[in-house]
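Heads up: the structure comes next, in structure tokens.
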Amino acid sequence: MPVDAADDMKKRAAAAALAAVAPGMRLGLGTGSTAAHFVALLGERVREGLDILCVPTSERTRAQAEALAIPLATLDEAPELDLTVDGADEFDSSLRLVKGGGGALLREKIVAAASRRFIVVADATKRVETLGAFPLPVEIDAFGARATRGHVERAAAALGLSGEVRLRSRPDGHVFVTDGGHLVLDCAFGAIPAPEALADRLAAIPGVVEHGLFLGLATAVVVAGPGGVESLGR
Ligand code: 5RP
């Protein structure tokens, strides 16, 4: 699908999710190009007088929201959120997600877990039968990164999964560092038929800070495709 068409669908999904926002809400703001469309549209509503308080999931989103004069708080100041709207790299029919393509998975998961509702906005290319076409991001501590990578590879192998596990780098070749000061492994395991089992194993590895499997968190996915916008869940 051409990039422009995909971006138009991301914007339509973001616009549809705006209907879930009500005055007085405390909102989590996701990270990535689809979430950025949502933040831009929300900024217009704030300019028109919408009263909300938002918690951003990354420094990038914080900067965008600040520039739009969207009222912001930290999650410590607003620990219980009504709604979070965020993108995803993949979702399946059970609303299970792979996230972290933008490297914000740790804060995204913390914010999603603090929200009563978590709406994912996505274009139709993100829908998969089985998670894993997108390399799974795993955020790790820099200390002992090679040892942790070995643990990640062995945890996957125990479930019959293999594939390249790469330390993420930035376009300029420097190592990618998250807002929390951690590194990211991109794990090209291919299809992950048992995401819960992999999530459990990854979470048990000491150097793993968080992984990009978001299971049981999304309450809805608003997906825009060539035929229109569809909502899965609520
Ligand atoms: C960032 C994320 C993003 O939500 C995910 O990568 C999707 O990004 P985009 O909307 O740009 O396709 O998880 O950590």
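Quick notes
- Note on the chain: with a GNM built from Cα contacts shorter than 10 Å, the maximum mean-square fluctuation among 171, 135, 193 falls on 171.
- Between region 29-65 and region 131-180, the Cα center-to-center distance that results, in Å: 29 Å
- Region 201-234 residues near the modelled residue 125 label - backbone nitrogen below 16 Å, point 7 Å along Cα→Cβ: 223-227
- Computed magnitude of the charge dipole of region 134-206 (debye, nearest 20; Cβ of K, R +1, Cβ of D, E -1): 220 debye
- When +1 charges are put on Lys and Arg Cβ atoms and -1 charges on Asp and Glu Cβ atoms, the dipole computed for the chain relative to its Cα centre reaches about 180 debye.
- The length gained by stretching the chain between residue 76 and residue 3 to full extension, at 0.36 nm per residue less their Cα-Cα distance, is 22.5 nm.
- If you run the Gaussian network model on the chain, springs between alpha carbon atoms under 10 Å, then out of 190, 49, 101 the most flexible one is 49.
- Residues 178, 57, 130, ranked from the fewest to the most other C-beta atoms within 10 Å, line up as 130, 178, 57.
- Most mobile of 77, 196, 164 in a GNM of the chain (Cα contacts under 10 Å): 77
- Computed [θ] at 222 nm, helices only, for the chain once each DSSP H run of length n ≥ 4 contributes -39500 (n - 2.57): -9000 deg cm²/dmol
Bear in mind that the values in this text are calculations on the coordinates, not laboratory data. Remember, it's a predicted structure, so these values are computed and weren't measured experimentally. With ideal geometry, Cβ positions are generated from the backbone for all residues, glycine too; neighbour counts draw on all protein chains shown.
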